[in-house]
Amino acid sequence: MNGMMMLETGESYPCKCEHMEDLEVNGELIFYTGMTGYEDALFDPQYKGKYLIFSNPLIGIRGIANSLKDVPPTVAGVIVYQIWNKSFPMDTFLPLKEYLSKWRIPLFIEVDTRSLIQSICQSNGTTFKFIVEEKVK
Amino acid sequence: MTKRLNVKKILVIGSGPIVIGQAAEFDYAGTQACMALKEDGYEVILVNNNPATIMTDEIFADAIYCEPLTVETVEKIIQKERPDALLATFGGQTGLNLAKQLSEQGIVQKYGVKVIGTSIDSIQKGEDRSLFRQLMVEIGEPVPESSIVSTAEEAIAFANDIGYPVIIRPAYTLGGTGGGFAHNEVELKGKVEKGLKESPIHQCLIERSIAGWKEVEYEVMRDASGTCITICNMENIDPVGIHTGDSIVVAPVQTLTHEEQMMLKTSAIKIISALEIIGGCNIQFALHPDNQQYYLIEVNPRVSRSSALASKATGYPIAWIAAKLSTGWMLDQLKNPVTQSTFAHIEPTIDYIALKFPRWPFDKFQQVDRKLTTQMKATGEIMAVDRTFERAIQKAVVSLEGDQQGLILPELKGWSKEQLLDIIVEADDRRFFALLEMLRKGESVEFLHSQTKIDLFFLNVMKSLIDLEREISGLSLQEVSKEQLFHWKQKGFSDEAIAALLSAKSIDVTAKRKEFGIIPSYKNIDTCAGLHPSASHYYYSTYGGKNEQAKSDKEKVLIIGSGPIRIGQGIEFDYCSVHGVMELKEAGYETIMINNNPETVSTDFVTADRLYFEPLTLESVMDVIEAEGVDKVIVQLGGQTAISLAHDLERAGLDLLGTTGELIDLLEDRQLFYQLLDELKIPHIEGDIAESYEDLMGITEKIPFPILIRPSYVIGGKGMHRFYSKESFEQWLNSYDKIQYPVLVDRYLPGKEVEADILCDGEQVSMPAIIEHIEKAGIHSGDSMAILPAVSLKKDEEQKIFEYAQKLVKKLSYKGIMNIQYVLYDGVVYVLEVNPRASRTVPLVSKVCGMNAARESVLLMTGKKQLPIASMPIFSHETDGNYAVKYPVFSNFALQGLDTLVGPEMKATGEGIAFGKTVEEALHKIFLPQKNKKPYGKELYCLTDEIDKELLKNAEHAGLAVVTDVKIKEWTKKEEAFVFYAPCEDEKSKVERMIAEQSRMLTFTEKESLMAFLSSLHVTGYEVAPLQQWKMKKPEVMKL
């Protein structure tokens, strides 16, 4: 679904969303700027219930280890620029998107995550609202 | 800033002339180091004999010694200058080796010079294989089973013990010279023998081969208090087995798990701490793709090519910070120069992909073995930055300026899968394009992975590009939607590539793209992923997201850089671009630089007001122009790369300061050029264009032999042939069935060649010096030795040279800088060639004449300066006692199969300079390293049909014994063997030249070069002096 991510400061970011139950989501944003480590960040207790933005532009290259697939993530949603979706050499890994889908975790893609993080850093505002395209109009 | 170290004078060692494995990255590192030291108030003494470097300019050091990089010379400099400290970790392997020798011979101790930064002890621990191994065993870090050998027998015994394949690594060599893999005893024997010869300490390391493992590099920094940070990690797309300088490399690492990454990072920090590095260090690992096993491959305890790349990839200036750390600063005391708001101990984080692609010289050297091994062969590299991996790849490919169309390398079209697989498995430089071609033919990524061990991620990205290619080619331009076009742009397809796939015109694709409002955004490279505000204007383009660049309303000039270093277009163009930028900045313009070479000073974000790391294609340049609102462009400083954009930029309505597209045509199109010279009554060499076989036969009837034949568009003399007789020409013609017409036919005059770089204001000309080549015309100017100022010209010849330059400038109303080449034959001065741009010799002329031609040229281009009328200063040998000799430096050691015979096609990768009170003294300095290497050398082996009497006399006079009938292999092993002279083109000469090259024998292929060498043998002593003392002081005004 195409939609718009709106910050409390009034800035908005167009994006696509998957695994959404509702047409509108409200939440609190947090970001992770590590270049590797998304596998750990998703389960980090300090991100519990938050929507996690990754600054690295491509997330999911190593999937999620099969041993973790039955563990729910702590984050409420994942916000990325791009997600890697191709198959992996070993059947011991699950594509990240499939894992998130399994746990019905909203995934926002094609987000200018760099700019979004900049906005958060400048304004200290961390709440957002996501609205699907039909509702924007 | 204030001094942390209680010393006054610091001696910095540079890396010398550019060779494969040691290129412009050390000019960047050295320039940064000098700036960092000067900022703190130290007096900087620099030794580097590469004139084309920015670091050897007076603004960066207090005294610059363009003197040979040998122990005895550096000792003389130390004696004279009495520096308090020595900084050697910025001059590549050359700098480290010198520092090591200076310490071993007790010279630093004798003069009480303190080695700052990483200690000699640490350098040795990092560089000496056995010490390094011992240290790693102590701290429990894994190194592959290996053994140090001094004979082939020891090597074979060890290999029999651990099993094949093994790697051979000679100790202390540049770019791994002489190394390689051996799969059996025969291969091992050959390679070890060669490697032992290459190694200055006659040692080789034989090591278990871990070919096929992932190759990962870490750039780590450490201060004296023990704080360590990693600046960047990088992954080679090509697994272990190909030198990292010849690999496609991506930053940050892509395919490692977090656990693997943390494991290697921990190891890297452990190693830099154990080595007690102060400054920067590069650590290379091999990681098993599946089981987390790893080995250390190599440690470079200094700044390197990889640290330059990491600096440009992250924005974090490693060399600058490393120089500060050397003088006692701690990481947490230094501001991060990019953000100006954070400190240097914070590890950079990046939110994009930076991809490095090597630039190889095989387009010029088709006879050279193009297989990629542990011996580096690339002459340069480019970096591409984007938010998507796909677009980073595509930006990299267009930046190569090769023959490829989009992602297609035309020469591979029609190859069978078997043929393609050959160059994929036994990798050569076309491997990447061969992989794409295989995917185009429907081969699976799994199969290619099994053959190459390249990670499936990389292969899948490549496959996604091929899938997109297919999608595009199934459509027509009319039916393309906005979403589709945006997606293709996001994935990096250029307008030209899209047009080719759609069978449409490039301008129509661009028009449609703009109609849809699809233009790139520019993002900042800020070391911190946007977490902190950044003060630098360092940008890359991407499709999608917000634009972070805002144009100012200042008057601005765009300077187009020269791209990757290749033979024929080297560091000198970066020198010109950087000086152009600096002068324009001082003149009050906002300067905008666009370039894609990560090794250089021009792509340091502090150089221009705004830096765009972008391909040098019309599309990328136009995008920057539109984003910045530029209307003035300088194309004269960026070599042929920039010149080739001139027409299109002009068509787009831009002002090409000082020049026009039409003018460039007039000088580059042979027919128009000869018409122009005829009109101006300037003599030119007889020549014609042959459109067909019949034409060619007719022309060769008219023009007397010897003749020169070449394709109509040439750079660096590519594909040029010289024939002395009708017979040899016809022989070539018969053996050559694929002549591409038109070809240029010129009479070859074996006369004296001179050239001049001239400054012009549209009317008047300033000619700082005339450069006289030592070799006769016919040898590419980049491969010949040359004397400044000219020594043997008559007054009327000098006047003619000047007069023709003035006539040309007046006629063309040209402003800026140009290079004119002349031949003097039989009392006539001929104009050979005019290059409407800065040339290779600009830095040379600037340094010798004590002015800065590149800087002056931009003032002339912008009209800020006019030259005085009718009084042209010209330096000549009568007015000043000093001479400079420029000499070519070759990297033939790295290019197996290359004949070292010099000719019209350029082969040198770099150049050096030497000064003297006489020409002979300067020549003596040039050959000093070879003379030192051969203390008992006294034999000159001449391989010619008949020995010239003059030569024989000079050789005897110089105390050499001429030998003629020797077996080259045995002879090169003799300690009396000194010089080899082989000027002929026959097969025997060629083979013997290659053998001589393998044993690094001093070889000459032109009589004039040999005579110059012989004349230098009479010199016994020499004087070292700073550039400031050598340069010309008294300009003579030439009356017209």
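The values are calculated or read from the model by the stated rules, or taken from the named source; none is laboratory data. These figures come from a predicted structure and were not determined experimentally. Heads up, the Cβs are rebuilt from the backbone with ideal geometry, glycines too, and the neighbour counts pull from every protein chain shown. Note: accessible area is taken over every heavy atom of the protein model, side chains too, but ligands, DNA and RNA are not part of it. Shrake-Rupley method; radii C 1.70, N 1.55, O 1.52, S 1.80 Å.
When the listed pairs B:K110/B:K335; B:K523/B:K554; B:K377/B:K738; B:K776/B:K953; B:K9/B:K917 are checked against a 25 Å cut-off, the alpha-carbon distance exceeds it for B:K110/B:K335; B:K377/B:K738; B:K9/B:K917. When the Cα positions of A:S123, A:G10, A:V78 are compared along the charge dipole of the range A:2-136, A:V78 comes out farthest toward the positive end, with charges on each C-beta of Lys, Arg, Asp and Glu. For the residue pairs B:K76/B:K933; B:K441/B:K514; B:K794/B:K934; B:K76/B:K270; B:K847/B:K973; A:K102/B:K453, alpha carbon separations beyond 29 Å are given by B:K441/B:K514; B:K794/B:K934; B:K76/B:K270; B:K847/B:K973; A:K102/B:K453.
Since only B:Q101, B:F285, B:P68 are under comparison, the one whose Cα sits farthest along the positive direction of the charge dipole of chain B, derived from C-beta charges on Lys, Arg, Asp and Glu, is B:Q101. Which residues of the range A:104-118 end up with at least 40 Å² less accessible area in the presence of all protein chains than when their chain stands alone, using a 1.4 Å probe? Buried by 40 Å² or more upon assembly, which counts only protein chains, are A:D112, A:R114, A:Q118. Spatially, the range B:175-211 and the range B:76-116 are offset by 30 Å when compared through their Cα centroids.
Rounded, prolate or oblate: pick one for the range B:943-984, where a ≥ b ≥ c are the square roots of the eigenvalues of its C-alpha gyration tensor, a/c under 1.5 means rounded, and failing that, prolate if a/b is larger than b/c, else oblate. In terms of gyration-tensor shape, oblate. Pairs B:K312/B:K463; A:K86/B:K491; B:K463/B:K907; B:K189/B:K990: which are spaced more than 26 Å apart, C-alpha to C-alpha? Those over the limit are B:K312/B:K463; B:K463/B:K907. Of the residues in the range A:7-47, those shielded by at least 50 Å² of accessible area once partner protein chains are present, compared with the chain alone at a 1.4 Å probe, are A:T33, A:M35, A:T36. With all protein chains kept in place, the per residue accessible area of the range A:2-136 amounts to 42 square angstrom at a probe of 1.4 angstrom. Amide H to amide H, with H built 1.01 Å from N, A:G37 comes under 5 Å of B:H258, counting only residues 5 or more places away or on other chains. Convert each backbone phi in the range B:107-113 into a coupling constant with the Karplus relation 6.51 cos²θ - 1.76 cosθ + 1.60 (shift: θ = phi - 60°), then list the ³J(HN,Hα) values in order as whole Hz, x for Gly and Pro. These are the phi-based 3J(HN,Hα) values: 6, 5, 5, 4, 9, x, 8 Hz. Placing +1 on the Cβ of each Lys and Arg and -1 on the Cβ of each Asp and Glu in chain B, which of B:F1013, B:S147, B:W320 has its Cα farthest towards the positive end of the resulting dipole? So the residue we want is B:W320. Compared with the dominant principal axis of the Cα atoms in chain A, helix A:113-123 is inclined by about 50°. From most to least packed by mean Cβ count within 10 Å, the peptides B:855-866, B:1020-1031 give B:855-866, B:1020-1031. Amide H contacts of B:V143 (H built 1.01 Å from N, in plane; Pro and chain starts excluded): B:L296 sit under 5 Å, all sequence-distant by 5 or more or on other chains.
Contact residues in the range B:328-360 (at least 40 Å² less accessible area with all protein chains than alone, 1.4 Å probe): B:T349, B:D351.
Computed about the Cα centre, the dipole magnitude for chain B is approximately 1880 debye when only Lys and Arg (+1) and Asp and Glu (-1) carry charge, each at its Cβ.
Each DSSP beta bridge with both residues in the protein assembly as shown is either parallel or antiparallel, and the antiparallel ones are about 70%. Phi angles of the range A:30-40 translate, via the Karplus equation with coefficients 6.51, -1.76, 1.60 and θ = phi - 60°, into HN-Hα couplings of 8, 10, 10, 10, x, 8, 10, x, 4, 4, 7 Hz per residue; Gly and Pro are given as x.
Here the range B:1-54 and the range B:494-535 have alpha carbon centers that stand 38 Å from each other. One Cα centroid belongs to the range B:129-168, the other to the range A:1-38; the line between them spans 54 Å. Taking the 1.4 Å solvent-accessible surface of chain B as the whole, the part contributed by carbon and sulfur is 49%.
Accessible surface calculations at 1.4 Å, restricted to protein heavy atoms, place chain B at 34 Å² per residue. What is the percent carbon and sulfur in the accessible area of the range A:2-136, measuring with a 1.4 Å probe over the protein chains and ignoring ligands? The value for the range A:2-136 is 50 percent carbon and sulfur by accessible area. In order along the range B:49-63, the phi-based Karplus estimate (6.51 cos²θ - 1.76 cosθ + 1.60, θ = phi - 60°) of 3J(HN,Hα) comes to 9, 9, x, 7, 9, 6, 4, 8, 9, 4, 5, 9, 8, 7, 9 Hz; Gly and Pro are listed as x. Partner shielding of B:541-549 amounts to 4, given as the average count of beta-carbon atoms from other chains within 10 Å of each residue beta-carbon. Within the listed set A:L116, A:L42, A:L23, the Gaussian network model of chain A (springs between alpha-carbon atoms below 10 Å) gives the highest mean-square fluctuation for A:L23. In this Cβ point-charge picture (+1 for Lys and Arg, -1 for Asp and Glu), the range A:2-136 has a dipole of about 240 debye about its Cα centre. Less than 5 angstrom separates the built amide H of A:I64 from those of A:L94, A:L96, all sequence-distant by 5 or more or on a different chain. Computed from protein heavy atoms with a 1.4 Å probe, the total accessible area buried between B and A is close to 2800 Å². Here the protein assembly as shown is treated with +1 on each Lys and Arg Cβ and -1 on each Asp and Glu Cβ, and its dipole about the Cα centre works out to around 1820 debye.
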